[in-house]
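Have a look at the structure below, then the notes.
The values are calculated or read from the model by the stated rules, or taken from the named source; none is laboratory data. Since this is a predicted model, take the numbers as computed values, not measurements. Please note: Cβ atoms are built from the backbone with ideal geometry, for glycine as well, and neighbour counts cover all protein chains shown.
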Amino acid sequence: MKRNEMNFMIGGKAGEGIEVPGNMFAELCMRAGLWLHVTQEFYSVIKGYNSINQIRVSESPVLAHNNHYDLVLSVDDETATKYLADIVPDGGLVYDPALISGTLKRDDIHLFPVPMTAIAKERVGLGLAKNIVGIGACMGLLDCEIQPLMDLIVKTFARKGDEVVHKNIDAAQAGYDFVRENYGREFNYQIKPLKEIGKKFFVNGNEAMTMGAIKAGCKFVSEYPMTPSSGVLHTMAKHAQQYDISVNHVEDELAAINMAVGAGYAGVRSLAATSGGGFALMTEAIGMAGMIEAPVVIIEVQRPGPSTGLPTRTGQGDLRTVMHASQGEFPRVVLSPGTHEEAFYMAFESFNLAEKYQCPVILVSEKYLAEGHATLPYLKTDHLTVDRGKLLKESEIKEGFKRYAHSADGVSERTIPGQKGGAHCATTYEHLESGYFTEEIEDVKKIYARRMKKMETIEKNLPPAKLEGIANAEYTIVCWGATYGPAKEAIEMLSQNGIKANLLHIKYLLPLQPGVREILETCKHPVIVEGNFTAQLHGVIAEKLGIEIQDKILDYSGRPFTPDFISNGVKSLMK
Amino acid sequence: MPRTSKDYTSSAGKPNWCPGCGDFGIEAAMKQAFAQLDLDPDKVMLITGIGCGANMPSWFSTYGLITLHGRAVAVATGAHLANHELPVFVEGGDGDGYGIGMGHFIHGMRRNVNLTYIVGDNTVYGLTRGQCSPTADKGSKSVSTPFGNPDPPVNPIALALANHCSFVARGFAGNLPHLVNLIKEASLHKGFSLIDVLQPCVTFDKTRGYKFYQDLTYDLQSTDHDMSSLEQAFKRAYEPPTKFPIGIFYQEERSIYEDDLPQFKKGALVHHDISNIDVIPLFQQYSF
């Protein structure tokens with residue numbers, strides 16, 4: 001009997017409400033005190049096409065999804081046949097025989113036909129309630145108490161009135177009873193509540209980044225919706241009044257970034273979030289923030305391009321874009337979280353970096369993390385300190401203040417509109433220390449060098465990279481962003497197979513964080529793992545450190561890495 | 001001591017516009033208006049785009065920000081919402097506002113952001129050497145349209161009237177007292193105030209000099225024009241090229257962007273304490 005350790009998947013047509021039973025399953029597991037990792041794969045349509053919701057459950061934190069399922073709930077005509085081969089031996093498949101044409105051939109798994117549509121029509125009078133029948137059936141198979149599911153149905157449908165609630169309760173009960181009567185305890189998996197539940201919450205990466213931004217004192221958000229970054233806008237909008245934040249759904253990404261730069265200039269911590277296409281439109285204003293030295297944070301949630309690409313899928317193809325976007329040269333920071341927890345902390349840190357170094361900071365993530373959910377413990381926040389850098393208090397402004405004054409670390413003292421004695425002209429033209437424009441050779445060279453000096457200062461102050469896992473490994477996986485989760489699990493899988501592997505996850509990409517050279521120089525066999533075609537981080541490392549990593553595991557299919565894919569990739573290098 | 005234009009003048013340098021440029025008139029009118037409004041230079045944001053006139057903040061002693069071509073309204077919107085207690089003046093040219101920045105112009109009016117937008121309208125792109133702008137007449141010849149501009153002009157006044165602009169006015173850079181007064185009225189108006197300023201480009205458009213506008217302009221406020229009537233305002237908006245009414249076409253009181261938002265009730269966002277924001281309630285909201 002396998003208890004509390006399983007990979008569940010529900011598949012159905014977009015627009016037919018597969019989210020509701022998926023969320024119910026996740027919530028029931030959460031209430032049982034389990035840890036989850038949830039990812040969804042869906043087409044860029046509102047209705048139709050097969051969507052899947054992959055939910056991994058464990059008694060300890062889960063870092064990644066995988067594509068081998070213990071239990072599949074198929075509520076359409078496609079999931080059962082499409083994913084039949086991906087079910088593990090002794091796993092189960094719940095499906096509606098009325099929706100399936102042809103036979104399902106697997107002798108080594110449990111097939112659980114449940115007439116979900118018929119039951120739903122009979123009990124609720126609506127075929128779509130088959131999803132609720134299905135989730136009831138799954139709970140029955142997993143030997144769960146039915147009461148928590150009933151409570152959840154009440155909560156979920158209460159707004160729609162008593163009749164809807166009762167019908168759905170009937171539907172869930174019917175599904176539950178059907179499998180109990182017909183399949184008993186045939187299925188070797190159980191979900192049982194833990195005794196110690198602990199304080200946990202459940203968020204996707206967009207929500208985690210939003211919470212980090214709120215903690216950092218972000219007061220201004222402007223965004224134009226773009227999948228998969230819209231979650232930042234939605235989450236910010238939801239909490240705008242709770243935390244006194246100006247959240248603005250604006251006319252386009254040009255407005256989004258220009259407003260955010262304006263707000264940053266005027267002294268509030270500001271954020272614009274987007275995906276690659278929107279980021280492309282923001283390019284010019286990112287250079288403006290660099291030139292006038294206004295703090296601003298941009299969240300760029302990657303999806304595969306080029307152009308419209310694969311709007312609802314994941315990828316890591318924008319690293320070079322965010323590093324180099326906008327004409328000319330100016331300081332900026334590019335950082336990328338590996339996990340949901342890091343998404344919170346790095347979002348917080350982005351705002352400190354933006355104000356300390358008075359430059360645009362780009363927090364780059366990807367759909368896999370941003371729209372994927374995970375369970376987190378209540379995060380520690382006592383140690384987080386808001387650092388506003390060289391922003392002066394009015395009392396600190398000296399006579400003859402120069403906004404762009406030269407300084408040893410390249411960072412000048414800053415005033416904001418309204419402060420007595422701090423008035424100056426900020427301009428996107430090249431300028432003197434005072435801010436007044438100039439084209440004179442010596443002046444230009446001096447201010448340009450001072451501005452760029454900030455990059456050195458930033459690099460010096462970034463935390464050094466860390467090698468994770470065992471020392472003296474045969475293979476070192478080098479990756480960035482949310483590839484961390486699957487890679488971390490992959491090195492454990494490899495170790496279990498007797499292959500010594502460890503992990504270098506690079507969190508600060510521009511400037512490249514210190515310590516990467518030292519680690520790579522001692523690695524026996526580094527392997528770069530990236531969600532793009534051209535191995536962009538590989539190129540950055542080669543360019544910056546002169547170290548060319550020979551082996552690459554790349555995926556540009558728009559799907560996230562799985563631990564299997566990475567560990568098999570490493571294994572294939574051994575041949 | 002009452003404030004004067006000098007209080008708003010930077011000691012860093014002098015304007016580098018062509019002699020006789022209409023921008024001098026706009027600069028003088030702005031400084032006089034600021035003085036008459038008794039604005040504290042440290043409490044004013046002057047935000048511009050890119051172009052001859054948009055270099056304006058260089059020669060002001062207020063907080064100034066020269067942004068990007070076409071983006072001044074957007075930047076100013078963000079700056080205003082960050083600190084809605086400070087007056088914001090946005091300035092730029094017709095290419096800046098009605099060409100590349102058209103989107104922000106329209107949405108800024110819809111939003112009724114509380115700022116004053118002064119557009120120097122001279123029908124040409126001066127800084128890039130005289131190409132015709134979106135307000136140039138059909139058939140206008142310029143370096144970019146040697147056989148005549150194929151497109152009819154944008155009508156900024158009608159456009160503003162059609163897009164909920166709550167203060168729509170036109171001035172003339174050659175009529176200083178009138179323009180000073182308009183800038184004051186616009187600044188006192190709560191909401192998005194547009195002042196389209198007819199302005200000769202003495203270098204690149206010899207056809208529309210000071211005399212041209214002096215002969216064709218007349219003051220709306222010396223007629224029976226009812227500035228609360230959208231219908232009358234539209235009629236006046238379509239008078240060019242035979243006549244150029246100047247003054248206030250239309251003014252209405254309506255709520256501004258932040259009026260209905262409780263976030264702004266506790267003072268400017270920039271003054272909110274961000275040193276220790278508690279996000280535990282958020283963790284709780286995302287718990288089960």
Among A:472, A:502, which is the only one that is outside the structural domain of residue A:40 (by TED's automatic domain parsing) and out of contact with any Phe, Trp or Tyr (no Cβ under 9 Å at 6 or more places or on another chain)? A:472
Scan (1) in contact (Cβ under 8 Å) with a residue 60 or more places away in the chain; (2) not in a strand (DSSP E or B) for the single condition residue A:478 breaks and write down its number. (2)
Subset of segment B:224-270 that is free of Cβ contacts under 8 Å to residues at least 12 places away in the same chain and more than 24 Å from the chain's Cα centre (by Cα) - its residue that is nearest to residue A:212 (Cα to Cα): B:263
With the requirement that a residue be touching a strand residue (DSSP E or B) at 6+ places or on another chain (Cβ under 8 Å) and not hydroxyl-bearing (Ser, Thr, Tyr), what does segment B:4-24 give you? B:12, B:22, B:23
Suppose we keep only residues that are assigned to a strand (DSSP E or B) and among the hydrophobic types (A, V, I, L, M, F, W, C) within segment A:372-393. Which one would you say is surrounded by the fewest Cβ atoms within 10 Å (Cβ to Cβ)? A:391
In segment B:38-66, anything surrounded by 24 or more Cβ atoms within 10 Å (Cβ to Cβ), more than 7 Å from every other protein chain (Cβ to nearest Cβ) and either without any contact (Cβ under 8 Å) to a residue 24 or more places away in the chain or among the small types (Gly, Ala, Ser) (or both) is listed as B:49, B:51, B:53, B:54
Report, by residue number, each residue of segment A:303-358 that is acidic (Asp, Glu) and either assigned by TED's automatic domain parsing to the domain that holds residue A:42 or assigned to a loop (DSSP other than H, G, I, E, B) (or both). A:318, A:329
With respect to residue A:499, determine if the residue is over 18 Å from residue A:337 (Cβ atoms) and aliphatic (A, V, I, L, M). yes
Pick out the one residue from B:136, B:76 that is touching a residue at least 12 places away in the same chain (Cβ under 8 Å), assigned to a helix (DSSP H, G or I) and of a type in the set (A, V, I, L, M). B:76
Could you tell me which numbered condition residue B:69 fails, if it satisfies all but one of (1) away from chain A (no Cβ under 14 Å); (2) over 27 Å from residue B:259 (Cβ atoms); (3) of a type outside the set (Val, Ile, Thr)? (1)
Specify the residue that is farthest from residue A:48 (Cα to Cα); the eligible residues are those in segment A:125-173 that are in contact with a Lys or Arg (Cβ under 8 Å, 6 or more places away or on another chain) and either surrounded by 24 or more Cβ atoms within 10 Å (Cβ to Cβ) or not assigned by TED's automatic domain parsing to the domain that holds residue A:23 (or both). A:140
Filtered residues of segment B:267-279 (kept if surrounded by fewer than 12 Cβ atoms within 10 Å (Cβ to Cβ) and under 27 Å from residue A:204 (Cβ atoms)): B:278
Free of Cβ contacts under 8 Å to residues at least 60 places away in the same chain, away from chain B (no Cβ under 14 Å) and not polar (S, T, N, Q), is that true of residue A:169? yes
Of the listed residues (A:568, A:472), the one being out of contact with any Lys or Arg (no Cβ under 9 Å at 6 or more places or on another chain) and among the polar types (S, T, N, Q) is A:568
Residue by residue through segment A:221-273, note down the ones that are aromatic (Phe, Trp, Tyr), within 9 Å of chain B (Cβ to nearest Cβ) and either within 19 Å of residue A:311 (Cβ to Cβ) or not in a loop (DSSP other than H, G, I, E, B) (or both). A:265
Being among the acidic types (Asp, Glu) and more than 9 Å from chain A (Cβ to nearest Cβ) is the requirement here; does residue B:7 meet it? yes
Restricted to segment A:394-451, and to residues that are of a type in the set (Val, Ile, Thr) and not in a loop (DSSP other than H, G, I, E, B), which residue is nearest to the other protein chains (Cβ to nearest Cβ)? A:427
Candidate set: segment B:255-281, residues that are outside any loop (DSSP other than H, G, I, E, B), within 7 Å of chain A (Cβ to nearest Cβ) and not aliphatic (A, V, I, L, M); chosen: the one farthest from residue B:86 (Cα to Cα): B:262
Checked B:196, B:205 against criteria (farther than 26 Å from residue B:32 by Cα, of a type in the set (Asp, Glu) and touching a residue at least 12 places away in the same chain (Cβ under 8 Å)); the one match is B:205
